[in-house]
Amino acid sequence: MNDEQAYAVIGGRGSMTVFEIYIKTTPERLWEAITSEEMRARYSFGVATVSEWTPGSEYKASVPGVIDIAGGKNIEVDPPRRLVQSFTALWSEDVQKEGTSRVTWEIEPVGTSCRLRVTHDQLGEDANNELYGGWPMILSGLKTLLETGEDLDTPGSLRYAGA
Amino acid sequence: MDEVFKALADPTRRELLDRLFERDGQSLSALEERLPMSRFGVMKHLRVLEEAGLVTTQKRGREKLHFLNPVPIRLVYERWVGKYAEPWASALSELKKDIEKEEER
């Protein structure tokens with residue numbers, strides 16, 4: 001096998017990253033935290049995501065009048081298990097050049113907890129790591145919010161809150 | 001968290017994470033090629049990393065690809081480093097604001 005075959009290539013193009021976290025909560029509460037405008041803002045740098053959350057609907061993550069962060073379509077919406085979205089980063093000219101990738105959220109109950117897996121794929125080869133670099137902070141903030149009811153306040157985690 | 005530290009307390013496992021950090025999503029064969037170790041040995045180490053949540057896998061056709069999952073390390077960071085990083089982060093963002101103001105003038 002040569003090197004190229006050994007690495008991840010999904011859907012014929014681009015690379016992928018996978019992030020996993022265990023959160024002590026129910027699939028329903030986890031789904032709510034992902035799709036609720038207010039809850040989402042509390043662990044996503046203070047940025048709210050607005051959508052109707054129906055298959056084919058659009059979503060937009062922004063601080064209105066301040067900055068647009070990302071947008072795209074909800075390709076698959078299967079509460080409280082699976083959400084597949086197209087993802088176009090908007091926060092800078094550099095990331096806008098990267099075009100559209102795909103984000104898949106998968107929730108699996110494990111005992112009294114849930115495993116949340118976020119797969120960010122269809123990224124270009126050598127994609128700008130800003131595109132997926134925020135996921136660890138977002139997911140640990142989501143865990144903190146669901147398990148303690150509090151906001152994660154490490155540097156940068158609420159960058160746009162109150163903007 | 002015990003499992004994370006146990007998994008990290010081994011040079012071969014740290015090297016496996018380095019390989020995945022360099023290039024994410026590799027098969028067992030690709031990882032094995034670069035280590036002076038049997039396939040079985042590499043598998044054993046990968047299993048410890050998986051149990052600690054530091055490596056996740058996805059099936060692609062006949063192959064299982066391994067991905068570095070940095071989230072458990074992020075949780076360690078937040079527990080002990082977060083508060084120390086804060087003054088630096090705010091100092092840097094103040095500096096950025098000052099410089100940008102300078103540039104506007």
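Here's a check for you: in the stretch B:18-45, which residue that is more than 14 Å from chain A (Cβ to nearest Cβ) and outside any loop (DSSP other than H, G, I, E, B) is farthest from the chain's Cα centre (by Cα)?
This residue is B:40.
This table checks each residue for (1) under 11 Å from the mean Cα position of the chain (by Cα); (2) within 21 Å of residue A:49 (Cβ to Cβ); (3) more than 9 Å from chain B (Cβ to nearest Cβ); (4) at pLDDT 95 or above.
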| position | (1), (2), (3), (4) |
| --- | --- |
| A:110 | no, no, yes, yes |
| A:114 | no, yes, yes, yes |
| A:119 | yes, yes, no, yes |
| A:126 | no, no, yes, no |
| A:129 | no, no, yes, no |
| A:137 | yes, yes, no, no |
| A:144 | no, yes, no, no |
| A:150 | no, yes, yes, no |
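Confirm whether residue A:32 is modelled with pLDDT of 95 or more, within 22 Å of residue A:153 (Cα to Cα) and within 14 Å of chain B (Cβ to nearest Cβ). Talk me through it step by step, then tell me what you get.
Numbers: modelled with pLDDT of 95 or more: yes; within 22 Å of residue A:153 (Cα to Cα): yes; within 14 Å of chain B (Cβ to nearest Cβ): no.
So residue A:32 does not fit the description; no.
Could you please let me know if residue A:118 is assigned to a strand (DSSP E or B), among the aliphatic types (A, V, I, L, M) and touching a residue at least 40 places away in the same chain (Cβ under 8 Å)?
Details: assigned to a strand (DSSP E or B): yes; among the aliphatic types (A, V, I, L, M): yes; touching a residue at least 40 places away in the same chain (Cβ under 8 Å): yes.
For residue A:118, the condition - assigned to a strand (DSSP E or B), among the aliphatic types (A, V, I, L, M) and touching a residue at least 40 places away in the same chain (Cβ under 8 Å) - is met.
Residue A:88 is checked against (1) closer than 30 Å to residue B:22 by Cα; (2) at pLDDT 95 or above; (3) touching a Phe, Trp or Tyr at 6+ places or on another chain (Cβ under 9 Å) and fails just one. What number does that condition carry?
(3)
The values are calculated or read from the model by the stated rules, or taken from the named source; none is laboratory data. Quick caveat, the model's predicted, so the values are computed rather than measured. In this analysis, Cβ positions are derived from the backbone assuming ideal geometry, glycine residues included, and neighbour counts consider all displayed protein chains.
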